[in-house]
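Everything on this sheet refers to the single structure shown next.
The values are calculated or read from the model by the stated rules, or taken from the named source; none is laboratory data. Predicted, not measured: the structure shown is a model, and the values here were computed from it. As a convention, Cβ positions derive from the backbone with ideal geometry for all residues, glycine included, and neighbour counts pool all protein chains shown. In case anyone asks, the SASA skips ligands and DNA or RNA and just uses the protein heavy atoms, side chains included. Shrake-Rupley method; radii C 1.70, N 1.55, O 1.52, S 1.80 Å.
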Protein chains: 2
Amino acid sequence: MIFRTATRQDLPAVLALLADEEKVVDPASVVIDEAYERAFEAITGDSRNEMLVLADDDGAVLGCLQATYIPGLGKHGAERALIEAVRVRADRRGAGLGRELFERAVERARQRGCALVQLTSNKRRTEAHRFYASLGFARSHDGFKLAL
Amino acid sequence: MIFRTATRQDLPAVLALLADEEKVVDPASVVIDEAYERAFEAITGDSRNEMLVLADDDGAVLGCLQATYIPGLGKHGAERALIEAVRVRADRRGAGLGRELFERAVERARQRGCALVQLTSNKRRTEAHRFYASLGFARSHDGFKLAL
């Protein structure tokens with residue numbers, strides 16, 4: 001299993017993971033328009049954003065997450081890592097891939113000097129909540145969203 | 001009331017707001033060490049981070065919040081705005097300053113093209129939750145934190 005930052009070659013597979021959580025989407029079927037190209041360049045070209053992927057030995061992307069490293073004045077000026085867009089391919093769940101991806105992302109944040117890792121999860125996703133609790137995360141906050 | 005991005009001159013007042021939510025801290029009493037200087041430069045020098053302040057006509061900082069604009073592949077490649085470090089000076093609460101600060105920050109995110117504004121609030125802060133609900137935010141998520 002290979003853990004690394006995503007390259008442009010991984011974009012179809014990452015978009016396939018994000019397109020449908022419940023079934024496997026063929027990366028070849030994903031339409032990549034200019035908006036997706038721009039967004040991917042914005043992530044990979046920014047020193048405070050990373051798309052991290054877990055790939056098998058054949059290069060197939062089985063999981064992904066985005067990490068954003070946020071500078072701040074709390075925690076005596078330490079960065080915090082925000083994790084978004086966590087996905088494991090539907091046919092490969094329950095085999096510890098999510099845990100491996102997360103543990104590596106947390107270790108990466110620690111090495112960078114982050115004081116905190118944070119994320120939000122929809123209140124309906126109780127299975128995900130057990131997973132985050134098992135990784136040591138405290139469900140201390142409510143997450144608010146306003147669509148624009 | 002002036003709404004603007006913070007400058008280095010505002011740093012003592014912003015740190016005073018962050019130091020204690022319950023009482024007014026004299027900005028002149030705040031010790032600004034190298035870690036705070038570095039963190040403030042990281043925020044103000046980054047095109048995806050802003051420290052926004054509300055100041056009175058004499059320049060006194062009465063409220064602050066940090067906005068982080070996060071590129072992503074969800075929402076068809078639109079940015080999302082994350083809001084952190086929201087404070088209104090203890091002796092000026094209940095007069096609508098928080099609402100003004102928030103409405104302006106949301107408008108700024110909208111003008112930038114963000115698809116979403118998000119934040120987390122400690123589960124004990126039920127008064128803050130009513131405030132965010134009154135601004136149209138949905139409390140749809142749980143917020144998880146892992147201290148490193």
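Starting from the label point of A:Ile2 at 7 Å along Cα→Cβ, the same points in the other copies fall at 5.4 nm, in ascending order.
Straight-line cross-link partners of A:Lys123 among the aspartates and glutamates, defined as a Cα under 12 Å from its Cα and at least 8 positions apart when in the same chain: A:Asp142, B:Asp142. Accessible area per residue (1.4 Å probe, heavy atoms of protein chains only) ranks B:Val53, A:Val30 as A:Val30, B:Val53, with the largest value leading.
Surface burial for A against B, with a 1.4 Å probe and both sides summed, reaches about 5100 Å² of accessible area.
Taking 0.36 nm per residue of separation and subtracting the current Cα-Cα distance, fully stretching the chain between A:Asp56 and A:Glu34 would add 5.1 nm. Relative contact order, whole percent, for chain B stands at 20, derived from Cα pairs under 8 Å and 6 or more residues apart. In loop segments of region A:1-73 as defined by DSSP, the trypsin sites (Lys or Arg not before Pro) with at most 13 further C-beta atoms inside 10 Å of their C-beta are A:Lys23.
The trypsin sites (Lys or Arg not before Pro) of region B:70-136 that meet both conditions, a loop assignment by DSSP and at most 12 other Cβ atoms within 10 Å of the site Cβ, are B:Arg124. Around the Cα centre of region A:2-134, unit charges on the Cβ atoms of Lys, Arg, Asp and Glu (plus for the first two, minus for the last two) sum to a dipole of about 780 debye. Summarised in one figure, the compactness ratio Rg/Rh of region B:2-134, Cα atoms and Kirkwood Rh, is 0.96.
For the rotational copy pair B/A, the chain B residue whose Cβ lies nearest the symmetry axis, together with its distance in Å, is B:Gly143, 2.
As a fraction of the 1.4 Å probe accessible area of the protein assembly as shown, surface on carbon and sulfur atoms comes out at 46 percent.
Rolling a 1.4 angstrom probe over the protein heavy atoms with all chains in place gives chain B an accessible area of 47 Å² per residue.
When chain A is treated as a Gaussian network with alpha carbon springs shorter than 10 Å, the biggest mean-square fluctuation among A:Ala90, A:Ala105, A:Ala28 belongs to A:Ala28.
Heavy-atom accessible area, probed at 1.4 angstrom with all protein chains present, ranks B:Glu41, B:Glu107, B:Glu79 as B:Glu41, B:Glu107, B:Glu79, highest first. In region B:1-50, the ratio of gyration radius to Kirkwood radius, Rg to Rh, stands at 0.98 when only Cα atoms are counted. The alpha-carbon of B:Lys23 sits under 20 angstrom from the alpha-carbons of these aspartates and glutamates, leaving out residues fewer than 8 places away in its chain: B:Asp10, B:Asp56, B:Glu84, B:Asp91, B:Glu127. Taken along the Cα-to-beta-carbon direction at a fixed 7 Å, the label points for B:Ile2 and A:Glu21 span 4.5 nm. In order along region B:58-72, phi translates into HN-Hα couplings of 8, x, 6, 7, 9, x, 8, 7, 9, 10, 10, 9, 10, x, x Hz, rounded to whole numbers, per the Karplus curve 6.51 cos²θ - 1.76 cosθ + 1.60 with θ = phi - 60° and x for Gly and Pro.
Per residue, the convex hull spanned by the Cα atoms of the protein assembly as shown amounts to 129 cubic angstrom.
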